[in-house]
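Below is one structure, written out as structure tokens, with a few remarks after it.
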Amino acid sequence: MTEMPIFKAKNQLASIIHEAEAGDSIRLTRHGKPAAMLLGMAEYERILGTGPNLVAALSHWRREWPEGGEPKHGSASPEDEVFEGLRPALSGRPVEL
């Protein structure tokens, strides 16, 4: 997560939007105190729960890959497009060991 004062973000809006789209969240501060967050749409939809979800992906996968193993529509593998975008490409939270 990147932290940036609002006055600085105003001058670099295009570049921080690109950062947010790439998966980095930006905490905007006013006088050193958190004021707002800038998130990419994928992260926003994940938080709201409006994006693709595991239950829908599994249902689709089960329709396409019935028991016996052969796909109905010639898909190359069960993981191809069904589970794409379900998990954010973020590296996760930092952990000290």
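Rule-based calculations on the coordinates, nothing more; no lab input. This one's a predicted model, so the numbers in the text were calculated from it and none came from an experiment.
So between Ala56 and Met4, what do we pick up on full extension, going 0.36 nm a residue minus the alpha carbon distance?
Full-extension gain reported as 15.0 nm.
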Study note, to complete from the structure: Here the gain from full extension of Ser15 to Met41, 0.36 nm per residue of separation minus their alpha-carbon distance, amounts to 7.8 nm
Review point. Amide H neighbours of Thr29 under 5 Å, counting only residues 5+ apart in sequence or on other chains, H built in-plane at 1.01 Å?
Key: Met4, Ile6, Ala35
Check your understanding: Check Gln12: other-chain or 5+ apart residues with amide H under 5 Å from its amide H, H built from backbone geometry?
Key -> none
